[in-house]
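> The structure is given below, and queries will be raised subsequently.
Just so it is clear, none of the values below were taken in a lab; they were calculated from the coordinates. No experiment lies behind these values; they were computed from the predicted model shown. Heads up, the Cβs are rebuilt from the backbone with ideal geometry, glycines too, and the neighbour counts pull from every protein chain shown.
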Amino acid sequence: MRFEKIARLETTSGFCGLTTESLDVGLIARSFIPEECGATVTLDGYVRRFTRGRETLHLVYESYESMALKEMGKLIDEAAEHFDISKIVIIHRLGRLEIGETSVVISVSAPHRRAAFEACEWLITTLKQRVPIFKKEVYSDGEEWSPGETA
Amino acid sequence: MELHLTVLFFAAAADASGLRSRPVRLQKGATVADVLSFVRAEYPALGSQRLLTAVNEEYAPGDRLLVEWDEIALFTPVSGG
């Protein structure tokens, strides 16, 4: 993973990014190790082979990149307001992804773990509702844009 | 007077229209809903699928009044993660 290949947006509470490069979860999780913190909770979202009985061959993600970055930046700022956490990183992969490859990494660093778990859960739930990123499922018997998880 | 607008299409909306973007001219006073009516008439393949709308990279409702050079994005419900 080359950090220069990531379209990034910085906010006071962290940063977000979009890239077609494969994601190095460990490296992203260690982007911030603030001294006031004692835990980073990291979500590694990856490509599932079976969804409701259908077999996925691969996925293709596309996005409205400029707006997606802005929306992810807003999520970071909102989470920093509502939870007792210090830093957040969100990186989403775009393009073609194979089974098991990481599609999204969300890392939340906090003084204490509970707030980090809660913020991470809120971030992925809200990202799926708000950020203009689109997933095309390529199945063994056809392909379709995922209907998503609307609010 | 006519407004010069740009309409962007993503994902299923891009597949249905066969386009990623196009210029659109509408009368002054036009809203996001007017853009939707225009593109649904122009591209019947869009059918009745639910479309989300953004103006200049921010979500915007149907009654949002448009101004010269606004960029309106149309997409089906998002599915990142």
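> So, with +1 on the Cβ of K and R and -1 on the Cβ of D and E, and no other charges, what is the size of the charge dipole of segment A:1-95 about its Cα centre, to the nearest 20 debye?
Details: 12 positive and 15 negative charges, 111 e Å.
With only Lys, Arg, Asp and Glu charged at Cβ, the dipole is about 540 debye.
> Tell me, A:THR51, A:THR40 in order of fewest to most beta-carbon neighbours within 10 Å?
Numbers: A:THR51 11, A:THR40 24.
Listed from fewest to most nearby Cβ atoms, that is A:THR51, A:THR40.
> Give, as a single signed number, the net charge of other residues whose beta carbon lies under 12 Å from the beta carbon of A:GLY142, with Lys and Arg counted +1 and Asp and Glu -1.
That sum, taken over residues with Cβ under 12 Å, equals -3.
> Taking other Cβ within 10 Å of each residue's Cβ, how do A:ILE91, A:ILE99, A:ILE124 sort, fewest first? Don't skip to the end; give the middle numbers.
On the way: A:ILE91 27, A:ILE99 14, A:ILE124 17.
Ascending Cβ contact count within 10 Å gives the list A:ILE99, A:ILE124, A:ILE91.
> Between A:CYS16, A:CYS37, A:CYS120, which gets the highest mean-square fluctuation from a Gaussian network model of chain A, Cα cutoff 10 Å?
Greatest mean-square fluctuation among the candidates belongs to A:CYS37.
> Taking each residue of A:119-128 in turn, how many C-beta atoms of other protein chains fall within 10 Å of its C-beta, and what is the average?
On the way: counts 0, 0, 0, 0, 0, 2, 1, 0, 3, 5.
For this peptide, the per-residue mean of nearby foreign Cβ atoms is 1.
> Averaged over its residues, how many other protein chain Cβ atoms are within 10 Å of peptide A:51-62's Cβ atoms?
Per residue, the average neighbour count from other chains is 1.
> With chain A treated as a Gaussian network of Cα nodes joined by springs under 10 Å, which of A:LEU94, A:LEU57, A:LEU23 yields the largest mean-square fluctuation?
A:LEU57
> Another question, then. Between the helical axis of A:113-130 and the dominant principal axis of chain A, each derived from Cα atoms, what acute angle in degrees is found, rounded to the nearest 10?
Value to nearest ten degrees: 40.
> Using alpha carbons only, how many degrees (0 to 90, rounded to 10) separate the axis of helix A:65-82 from the longest principal axis of chain A?
The angle comes out near 40 degrees.
> Which number do you get for Rg(Cα) / (2.2 N^0.38 Å) in segment A:32-97?
1.46
> Assuming a ≥ b ≥ c are the square roots of the Cα gyration tensor eigenvalues, decide whether chain B counts as rounded (a/c under 1.5), prolate (otherwise, with a/b larger than b/c) or oblate.
Because a/c hits 1.5 or more and a/b exceeds b/c, chain B counts as prolate.
> Now for a separate question. Quick one: helix B:32-42 against the long Cα principal axis of chain B, what's the angle to the nearest 10°, folded into 0 to 90?
Approximately 60 degrees, to the nearest ten.
> Per-residue Cβ counts within 10 Å, from other chains only, averaged over A:107-115: what number is that? Before the final figure, lay out each step's value.
Values: counts 0, 0, 0, 0, 0, 0, 0, 0, 0.
Across A:107-115, the average partner-chain Cβ count within 10 Å equals 0.
> In addition: Using the structure shown, list the pairs from A:LYS5/A:LYS74; A:LYS70/A:LYS135; A:LYS135/B:LYS28 with a Cα-Cα distance above 27 Å, or answer none.
As for pairs spanning more than 27 Å Cα to Cα, those are A:LYS135/B:LYS28.
> What share of the DSSP beta bridges in chain B is antiparallel, in percent to the nearest 5?
80 percent
> Is it possible to state the helix-based mean residue ellipticity at 222 nm for chain A, with each DSSP H run of 4+ residues giving -39500 (n - 2.57), the sum divided by total residues, to the nearest 500 deg cm²/dmol? What is it?
Only helices count here, giving -8500 deg cm²/dmol.
> Can you give the Rg and Dmax of segment A:30-151 based on its C-alpha atoms, in angstrom?
Rg, Dmax (Cα atoms, Å): 15.5, 51.
> Okay, next question. Among B:MET1, A:MET1, A:MET67, A:MET72, what is the fewest-to-most ranking by other Cβ atoms within 10 Å?
Lowest to highest Cβ neighbour count: B:MET1, A:MET1, A:MET67, A:MET72.
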